[in-house]
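So the structure is just underneath, and the comments pick up after that.
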Amino acid sequence: MKQRQRRVERKTWVVVGATVAAIVIAAVAGYALAIFNADTTPSASASHVLVGAGDVALCSREDDEDTAALLGRTPGTVFLAGDGGYPEGTLEDYTECYGPGWGRFLSRTRPAPGNHDYRTPDASGYFEYFGDRAGPPGRGYYSFEMGGWHVVSLNSNCDKEGVDCTARGDQVTWLTEDLATHGDSCVLAFWHHPLFSSGRHGGDDEVRPFWDALYEAGADVILVGHDHIYERFAEQDPNARADPQRGIRQFVVGTGGGELYPIDVVAANSEARTNETHGVLKLTLREGGYDWEFVPVGGSSFNDRGSDGCN
């Protein structure tokens with residue numbers, strides 16, 4: 001039997017060798033293609049990674065280039081938690097300040113508008129730059145799927161004409177209906193203004209109706225910017241009461257490149273924070289839970305990482 005097996009192997013080694021060669025050639029070609037598409041197309045294995053920050057690019061600063069380098073090393077979907085192009089959110093601010101760094105990843109970016117975007121009437125620069133990726137024109141809120149997760153982007157510029165954040169307004173009505181159709185999914189939402197923050201701006205009570213709707217639906221994670229710090233909160237309800245069973249964990253990630261802000265009074269339920277480094281938050285969204293990691297720019301020793309399950 002062994003002799004017969006060896007004879008078969010001698011007859012077929014040329015075919016096998018050709019097959020191996022073809023595989024090697026294909027692998028090399030695929031590797032080259034992956035390198036070519038590194039800034040535009042996330043790999044399938046990274047399709048459940050969400051990475052990003054808010055408060056990103058000013059032409060007179062280079063910190064956004066440092067955080068863009070982190071995005072370049074992290075395949076996945078990029079979230080922008082508002083204020084991508086300083087100071088006025090014009091189309092020029094986005095093309096000339098945001099574009100050279102974070103703009104390289106436009107095809108895999110999901111944005112939310114910030115207050116600086118609305119320094120241009122109707123945030124027209126923001127909506128023109130991001131196009132369909134910003135959701136329906138002029139509205140500023142939309143949702144999408146990432147594996148077993150339902151992800152929502154909201155417009156928290158509640159003091160601007162045409163932006164309604166009230167409990168009975170169009171946006172929260174849409175949010176409530178959207179969440180009701182995804183009751184079996186883990187849920188993550190992101191926007192610009194935090195309800196809770198230890199930074200200079202502090203919390204913005206106008207976004208509480210967002211929290212109320214998300215908490216009622218059993219949402220899991222909220223990502224915000226506006227305060228130029230990084231901060232992670234324990235699970236809590238909309239009234240800042242600790243709730244490890246069904247509370248929502250909020251991350252403030254205003255560390256995309258803007259000038260960092262002071263931290264004076266630490267808010268309730270704050271578990272980790274820094275105002276000494278720029279960086280991005282990487283979330284790995286897996287079935288039934290998620291892993292988080294704050295990735296600082298080079299030279300910083302600060303790190304924050306952990307894991308949690310969905311509600």
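The values are calculated or read from the model by the stated rules, or taken from the named source; none is laboratory data. This structure is a prediction, so every number in the text was calculated from the model and none was measured. Here the Cβ positions follow ideal geometry from the backbone for every residue, glycine too, while neighbour counts run over all protein chains shown.
Assorted remarks:
- Among the residues making up region 177-196, those that are surrounded by 14 or more Cβ atoms within 10 Å (Cβ to Cβ), hydrophobic (A, V, I, L, M, F, W, C) and not in a loop (DSSP other than H, G, I, E, B) are Leu179, Cys186, Val187, Leu188, Ala189, Phe190.
- When Asp117, Asp122 are checked against the criterion of being surrounded by 24 or more Cβ atoms within 10 Å (Cβ to Cβ), touching a residue at least 40 places away in the same chain (Cβ under 8 Å) and part of a helix (DSSP H, G or I), a single residue qualifies: Asp117.
- For region 49-68, the set of residues classified as touching a helix residue (DSSP H, G or I) at 6+ places or on another chain (Cβ under 7 Å) and of a type in the set (Gly, Ala, Ser) consists of Ala53, Ala57, Ala68, listed by residue number.
Residue-by-condition table, conditions (1) aromatic (Phe, Trp, Tyr); (2) in contact (Cβ under 8 Å) with a residue 60 or more places away in the chain:
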{"site": "Thr77", "(1), (2)": "no, yes"}
{"site": "Asp83", "(1), (2)": "no, yes"}
{"site": "Gly89", "(1), (2)": "no, no"}
{"site": "Phe105", "(1), (2)": "yes, yes"}
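Okay, residues lined up against (1) charged (D, E, K, R); (2) touching a Gly at 6+ places or on another chain (Cβ under 9 Å):
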{"position": "His228", "(1), (2)": "no, yes"}
{"position": "Arg232", "(1), (2)": "yes, yes"}
{"position": "Asn239", "(1), (2)": "no, no"}
{"position": "Gly247", "(1), (2)": "no, no"}
{"position": "Val253", "(1), (2)": "no, yes"}
{"position": "Pro262", "(1), (2)": "no, yes"}
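- Within region 274-294, residues that are modelled with pLDDT of 95 or more have Cβ atoms under 6 Å from residues that are surrounded by 16 or more Cβ atoms within 10 Å (Cβ to Cβ) and basic (Lys, Arg) in these pairs: Glu293/Lys282, counting only partners at least 6 apart in sequence or on another chain.
- Selection over region 141-166 of residues that are over 20 Å from Asp227 (Cβ atoms) and not aliphatic (A, V, I, L, M) gives a count of 13.
- Considering region 148-176, and only residues there that are in a loop (DSSP other than H, G, I, E, B) and among the hydroxyl-bearing types (Ser, Thr, Tyr), the residue that is surrounded by the fewest Cβ atoms within 10 Å (Cβ to Cβ) turns out to be Thr166.
- Looking only at region 264-287, and only at residues there that are of a type in the set (Asp, Glu) and within 20 Å of Asp308 (Cβ to Cβ), the one that is farthest from the chain's Cα centre (by Cα): Glu271
- Filter pass, Gly147 being at pLDDT 95 or above and not aliphatic (A, V, I, L, M): no
- Filter result (assigned to a loop (DSSP other than H, G, I, E, B) and free of Cβ contacts under 8 Å to residues at least 40 places away in the same chain) within region 45-61: Cys59, Ser60
The rows are residues; the columns are (1) β-branched (Val, Ile, Thr); (2) within 28 Å of Asp164 (Cα to Cα); (3) surrounded by fewer than 24 Cβ atoms within 10 Å (Cβ to Cβ).
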position: Ala69; (1), (2), (3): no, no, yes
position: Phe79; (1), (2), (3): no, yes, no
position: Asp83; (1), (2), (3): no, yes, no
position: Glu88; (1), (2), (3): no, yes, yes
position: Ala134; (1), (2), (3): no, yes, no
position: Met146; (1), (2), (3): no, yes, yes
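- Val280 vs. criteria touching a strand residue (DSSP E or B) at 6+ places or on another chain (Cβ under 9 Å), aliphatic (A, V, I, L, M) and in the same structural domain as Leu214 (by TED's automatic domain parsing): yes
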